[in-house]
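To start, the structure itself, in structure tokens.
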Amino acid sequence: MEEKRSLRNIRIKVFNIGWWFYVVLTILFLFLITLLSSGMDRDTKLKMILYLSIFEYILLRFYKYSLKDIRDDYNWYNEWPCYLCNQSTLLCILSALIDHQGIMSYCVTVGTIGALLAIFMPDRYNRDQLLFSRQAFGFYGYHGLLVVTCLSFYTTGVYEPRPIHALWGMGITFVLAVIAHIINVILRKSGLNPKANYVYTCDPDNFIFEKLYKIVPIRLVYLIPVMLGFGMISYIALSIM
């Protein structure tokens, strides 16, 4: 009983036992999905990833809805799927539906990078959460599942990596950034969400971003180096694959 009680009381911190619990669970689930797909044809693999992506999106919406009971600053207009990982979830569904190699490349590279960034650098709302809490399951469970879904395109053999696909990653990133920026402006100017801060047009919150923002005080433009960085990482990853 003492052991069970201590497990329930574990609070997740990056690299502690609670954090590794979700990381190892993610790795094992990716291995299981890859193993199960070994005897499937291409269409069946795509359907499996599609169902996994749909479940992932449902989990995301339940998690986002549950935040209203956790966060004092909850605003429905701030929970649209306009963040990097949310966008990747929707693109996983789309690429599984239409079997598009370019969109898959975005999911495998940028989508995976975004999910890993969240896991390794959780925001202040997701630090120090109890291991089996709704918040921990929603955040670490969702992002772990996103890693599995994104990488499944590659590990099941559905996606065939080509370095040229990095251009797709940069192109899709830029289009989504423009859309997120427009939504930010509309929400801020209309008063629906004065603090709207969707990805790619974030407020400068560290020394480097503050310097860049002083040089180019336009939220979308000063973060373009981040998009180029995603493109470079994608190119390197696809070359190695």
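The values are calculated or read from the model by the stated rules, or taken from the named source; none is laboratory data. This one's a predicted model, so the numbers in the text were calculated from it and none came from an experiment. Note that each Cβ is placed from the backbone with ideal geometry, even for glycine, and that neighbours are counted across all protein chains shown.
Hey, can you tell me all the residues within region 51-98 that are modelled with pLDDT of 90 or more and farther than 19 Å from residue 148 by Cβ?
Within region 51-98, just 98 meets the criteria.
Given the residues 228, 212, 187, 220, which is the only one that is assigned to a helix (DSSP H, G or I), in contact with a Phe, Trp or Tyr (Cβ under 8 Å, 6 or more places away or on another chain), within 18 Å of residue 175 (Cα to Cα) and at pLDDT 85 or above?
Numbers: 228 fails: in contact with a Phe, Trp or Tyr (Cβ under 8 Å, 6 or more places away or on another chain); 212 fails: within 18 Å of residue 175 (Cα to Cα); 187 fails: within 18 Å of residue 175 (Cα to Cα).
Result: 220 is the single residue among 228, 212, 187, 220 that is assigned to a helix (DSSP H, G or I), in contact with a Phe, Trp or Tyr (Cβ under 8 Å, 6 or more places away or on another chain), within 18 Å of residue 175 (Cα to Cα) and at pLDDT 85 or above.
Working only within region 105-143, note down all residues that are crowded, with 23+ Cβ neighbours inside 10 Å, farther than 20 Å from residue 61 by Cα and under 14 Å from the mean Cα position of the chain (by Cα).
106, 108, 109, 110
Scan region 148-161 and tell me whether some residue there is surrounded by fewer than 19 Cβ atoms within 10 Å (Cβ to Cβ) and in contact with a Gly (Cβ under 9 Å, 6 or more places away or on another chain).
As a first pass, look at region 148-161 and keep what is surrounded by fewer than 19 Cβ atoms within 10 Å (Cβ to Cβ): 155, 157, 160.
Imposing the further condition that a residue be in contact with a Gly (Cβ under 9 Å, 6 or more places away or on another chain) reduces the set to none.
No - not one qualifying residue is present in region 148-161.
Run down 22, 125, 106, 57 and say which single residue is touching a Gly at 6+ places or on another chain (Cβ under 6 Å) and more than 18 Å from residue 169 (Cβ to Cβ). Can you show your working first?
Details: 125 fails: touching a Gly at 6+ places or on another chain (Cβ under 6 Å); 106 fails: more than 18 Å from residue 169 (Cβ to Cβ); 57 fails: touching a Gly at 6+ places or on another chain (Cβ under 6 Å).
Going through 22, 125, 106, 57 in turn, the sole match is 22.
Mind listing just one residue for me: the one in region 188-236 that is farther than 26 Å from residue 77 by Cα and among the β-branched types (Val, Ile, Thr) and, of those, surrounded by the most Cβ atoms within 10 Å (Cβ to Cβ)?
Only one residue tops the list, namely 233.
Quick check on this structure: which one of 14, 23 is touching a helix residue (DSSP H, G or I) at 6+ places or on another chain (Cβ under 9 Å), assigned to a loop (DSSP other than H, G, I, E, B) and within 26 Å of residue 128 (Cα to Cα)? Even if it seems obvious, please write down each step before you answer.
Details: 23 fails: assigned to a loop (DSSP other than H, G, I, E, B).
Unique residue meeting the criteria: 14.
Scan region 66-78 and report the pairs whose first residue is touching a residue at least 60 places away in the same chain (Cβ under 8 Å) and whose second residue is in a helix (DSSP H, G or I) and surrounded by 14 or more Cβ atoms within 10 Å (Cβ to Cβ), with Cβ atoms within less than 7 Å and a gap of 6+ or a chain change.
66/134; 66/138; 70/135; 77/187
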